[in-house]
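The values are calculated or read from the model by the stated rules, or taken from the named source; none is laboratory data. Remember, it's a predicted structure, so these values are computed and weren't measured experimentally. Cβ sites come from the backbone with ideal geometry, for glycine too, and all protein chains shown count toward neighbours. The protein model used for the area step is the full one, side chains on, heavy atoms only, and it has no ligands, DNA or RNA in it. Shrake-Rupley method; radii C 1.70, N 1.55, O 1.52, S 1.80 Å.
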Amino acid sequence: MRIRSSLTGLALVAALLPLPAQALEIFACEPEWAALAQALAPNARVSSATHAYQDPHYIEARPSLIARLRRADLAICSGASLEAGWLPALQQRAANPKVQPGRAGMLFAADHVETLDQLDHVPFGAGDVHPEGNPHLHLDPERIRQVAAVLSERLGRADPEQATQYRAAYLRWSLNWQQRMDEWRERAEPLRGRTLVVQHSTFDYFWRWLGLEVVADLEPKPGVPPTPGHLASLVDHVNAEQPLAIVHSWYQDPQSAQWLAHKTGLAVLALPSTTAPDQGIERLDQLFEHLLTRLLEQVDAG
């Protein structure tokens, strides 16, 4: 009887205790936003719909992604139509009111910064362009900080009991981020004024932040795969310019870059356009450190 009475008492005490807070569920469309969310909300459960070896424009609305979005308290994506081919289908099938367009739980980064290359209208035959501007804004450290401030506020709205902690985490992160930006700017001085050949506008924000100039694009139009005729037309121009390197992202086919390199003698530089935990690039500062180091290595090699 005493044992039963003690157990009953413990059960009553346990029932009166507050339940442990459930971890916030965050759905990120791209790895960079997953990394930022994890930095500002270390205890949250964060997942990314894409990875560094995928083109974020084109992914399949898989059942596993639908299930993750259905559970999400907050979703963060690049916006500017980057996910237009697959996110609306996910939102419809997940039927989660928290992460529908216009709700506080659905954060599009491009809505909160000034994007590059905005268009009032898209001319016919312009290629895969975004009238809202270049969506790859995560490759500008300053714009990352602007998005982080908004994300911190949205975290507090999704989880009011922890709002003070999210704000404190942002302030710590922002201070450290400013220090890193100052370091990167100083180290990047040898890159200013140098030129590059690229494939697509993926890194445009980063090039502008560093003071690099693009003199040729392997794509004849944005989003249009390189063609033999277009590549051949670049040879003389590239030989005259002598850029630092030919750059493509990890998810892009390297054959076109390699062909032009063979014709011009330039180096090919394959770079990650987002975080890649399998390669030890888990955080955003590690991504920028990796990109800057690879570029400076190319300067030294030249």
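Estimated at 0.36 nm per residue, the fully extended path between Ala267 and Gln279 surpasses their Cα-Cα distance by 2.1 nm. Per residue, the chain exposes 50 Å² of solvent-accessible protein surface, assessed with a 1.4 angstrom probe and all protein chains in place.
Calculate the translational D of the stretch 38-126 in whole µm² s⁻¹ from Stokes-Einstein, where the hydrodynamic radius comes from the Kirkwood formula applied to all Cα pairs, the temperature is 37 °C and the viscosity 0.692 mPa s. It would help to have the intermediate numbers written out before the result.
Details: Rh = 14.5 Å.
Stokes-Einstein gives a translational diffusion coefficient of 226 µm²/s.
Taking R0 as 51 Å, what's the FRET efficiency between Ala149 and Gln258 from their Cβ-Cβ distance, rounded to 0.05? Calculated transfer efficiency: 0.80. FRET efficiency for the Glu186 to Glu60 pair, using the beta carbon distance and R₀ = 41 Å, is estimated at 0.45. Rg and Dmax of the chain, based on Cα coordinates, read 22.9, 94 Å.
Using a 1.4 angstrom probe on heavy atoms only, work out the carbon and sulfur share of the accessible area of the stretch 189-262 in %. Carbon and sulfur together cover 51 percent of it.
In nm, to one decimal, how far is the modelled label at Gln178 from the one at Ala67, with both set 7 Å along Cα→Cβ? It works out to 4.4 nm between the two label points.
Any chance you could run the full-extension gain for Tyr53 through Glu297? It's 0.36 nm times the residue separation minus the Cα-Cα distance, nm to one decimal. Walk me through the numbers before you get to the answer.
Details: separation 244, 0.36 × 244 = 87.84 nm, distance 2.29 nm.
Using 0.36 nm per residue and subtracting the Cα-Cα distance, I get 85.6 nm.
With contributions of -39500 (n - 2.57) from each DSSP H run of at least four residues, the per-residue ellipticity at 222 nm computed over the chain stands at -14000 deg cm²/dmol. With each label modelled as a point 7 angstrom along the Cα→C-beta vector, the Ala104-Gln165 pair spans 1.8 nm.
I need the per residue convex hull volume for the stretch 208-302, using only the alpha carbons, in cubic angstrom as a whole number. Write out the running numbers ahead of the final one.
Numbers: hull volume 10.7 nm³, N = 95.
Output value, Cα hull per residue: 113 Å³.
Per-residue accessible area (protein heavy atoms, 1.4 Å probe) orders Tyr53, Tyr205, Tyr170, Tyr58 as Tyr58, Tyr53, Tyr170, Tyr205, starting from the largest. One chain, two ends: Ala89 and Trp250. Fully extended at 0.36 nm per residue, the span grows by 55.3 nm beyond their Cα-Cα distance. Given a 1.4 Å probe and the protein chains as shown, Arg45 ends up with an accessible area of around 120 Å².
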